[in-house]
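The values are calculated or read from the model by the stated rules, or taken from the named source; none is laboratory data. As the structure is a prediction and not an experimental result, all values here were calculated from the model. Cβ placement follows ideal geometry from the backbone for every residue including glycine, while neighbour counts extend to all protein chains displayed. When the accessible area is computed, the model is the full protein with side chains, heavy atoms only, and any ligands, DNA or RNA have been set aside. Shrake-Rupley method; radii C 1.70, N 1.55, O 1.52, S 1.80 Å.
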Amino acid sequence: MATIAAPPAAPAPARQKYVRAVGPRLRILLYVVFALVALLGANSLYLISITALEAWTRYTYQDYFYQLMFLLHLALGILLLVPFVAFGLIHMVTAWNRKNKRAIRIGYALLTAGVIVLVTGVLLIRLPGLAELKSQLTRQIVYWAHVIVPLAAAWLYWLHRLAGPKIKWRVGITYGAVVGGVVLAMVVVKMQDPRGWNRPGFEEEAEKYFQPSLITTPDGKPIDDQVLMMDSYCLKCHADVYKGWFHSAHHFSSFNNPAYLASVRETREVSLKRDGNVRASRWCAGCHDPVPFLSGKFQDPNYDLVNDPTAHAGITCTVCHAMTQVSSTKGNADFVIEEPIHYPFAQSTNPILQFINNQLVKAKPSFHKQTFLKDFHKGADIQSEFCSTCHK
């Protein structure tokens with residue numbers, strides 16, 4: 001009996017080759033986004049670490065370097081805007097019809113989270129012409145959204161990547177270890193105050209220099225007169241307060257007051273003949289002439305009481321707002337004053353750098369408030385004690 005040959009088996013269908021959702025050209029843009037996000041992540045970790053350190057120690061570690069890091073945070077965020085949005089839109093258009101619908105939905109959520117982070121960042125910068133958030137409550141809501149949503153974005157990215165090539169965990173762990181170590185080292189260094197570095201002291205011992213006035217600086221060193229005379233800087237945002245100060249007795253407390261000029265000039269002449277120095281006139285300087293006194297000019301017997309710019313400064317905005325401690329109410333300037341920390345480019349005359357400085361103040365007003373508005377500046381009872389340091 002003849003056997004019937006079985007029909008040949010149908011060839012197995014060719015297995016389709018997996019095509020990545022991100023092509024070679026788009027991958028270049030993705031790497032740009034990765035690089036900016038990596039830098040932003042390291043920068044953000046440093047800023048958060050300083051904030052946590054301040055909350056733990058109840059001490060301020062935000063200095064000039066911190067403000068530069070904050071400026072870098074803003075710059076990196078602005079640089080990320082275009083490549084992130086461009087990559088997100090292109091990737092969405094090229095991948096919307098792929099089979100893994102779950103990955104697509106998560107991708108939409110991830111793009112939304114990224115846009116929220118960028119939009120809240122722009123709102124916090126308060127760029128002119130855009131929505132300027134002046135309400136404290138609104139700013140707090142936007143700020144916390146800016147802090148929390150990136151954590152959700154990282155989780156969504158992990159879920160999204162489960163549908164594609166395996167995540168290179170070794171790269172991520174190495175990045176995290178390096179960034180963590182660098183940030184930890186920077187935080188340790190930040191526990192030092194760089195304002196005292198390379199600043200010369202007075203020729204006399206600090207305690208003797210200030211006497212018979214009771215005024216002091218934390219480190220016993222002088223404060224640059226230009227730092228104390230930044231009233232025009234305050235004018236930019238506090239025009240009404242500046243106008244009141246400009247015509248006040250505080251402004252004319254020093255040698256721009258003819259009666260005071262005559263009195264102290266004679267005191268200095270008598271003291272120089274009697275003692276060989278003008279130390280006795282320091283009794284008046286702590287309250288009336290803090291700018292030349294704290295900068296070290298006042299001790300010079302040849303100090304020009306008429307033509308030197310510091311002779312017309314009076315009690316400046318910074319003098320009152322840079323006080324850090326009211327030591328007593330003896331009425332002879334018994335307070336501690338220190339050089340305030342300013343945002344970068346505060347004294348620059350370049351219009352671009354001034355614009356950057358203004359935007360930093362708007363983006364992080366809490367630092368400005370913390371620096372120049374102490375507890376003894378607020379409240380009628382406390383304020384009377386603050387004023388009594390000179391007005392016994």
Cα-based Rg/(2.2 N^0.38 Å) for the range 322-361, rounded to two decimals, is 1.77
Among MET69, VAL33, LEU47, the residue whose Cα sits farthest towards the positive end of the charge dipole of the range 31-130 (+1 at Cβ of Lys and Arg, -1 at Cβ of Asp and Glu, taken about the Cα centre) is VAL33
So, relative contact order of the range 278-392 in percent, Cα under 8 Å, 6 or more apart, is 26
Output for the range 323-392 (equivalent-ellipsoid semi-axes, sqrt of 5λ from the C-alpha gyration tensor, Å, descending) is 31, 13, 8
Beyond 26 Å (Cα-Cα) in this structure, taken from LYS208/LYS297; LYS297/LYS364; LYS208/LYS392; LYS330/LYS369, we find LYS297/LYS364; LYS330/LYS369
When all Cα-Cα pair distances of the range 15-148 are considered, the percent exceeding 28 Å is 31
Rounded to two decimals, the Debye log10 I(q)/I(0) of the range 26-77 (Cα scatterers, no solvent) at q = 0.22, 0.24, 0.25 Å⁻¹ is -0.79, -0.87, -0.91
The Cα extents of the chain along the principal axes, largest first and rounded to whole Å, are 145, 39, 39
Carbon/sulfur accessible area of the chain, % of total, 1.4 Å probe, equals 66
Compactness summary of the range 63-117: radius of gyration and Dmax from Cα atoms, Å, are 15.7, 52
Rg from C-alpha atoms of the range 220-260, normalised by the globular rule of thumb 2.2 N^0.38 Å, equals 1.37
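Taking the solvent-accessible surface of protein heavy atoms with a 1.4 Å probe, what is the per residue accessible area of the chain in Å²?
Spelled out: the 1.4 Å probe surface of the chain, per residue, equals 60 Å².
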Expressed in angstrom, Rg and Dmax over the Cα atoms of the range 229-384 are 17.4, 56
Ratio for the range 247-339, C-alpha Rg to 2.2 N^0.38 Å, reads 1.06
The range 21-73 and the range 259-336 have their Cα centres apart by a whole-number Å value of 45
Hydrophobic long helices for the chain, i.e. whole DSSP H runs reaching 15 angstrom or more by Cα along the axis with Kyte-Doolittle mean at least 1.6, come out as 64-95, 101-125, 169-189
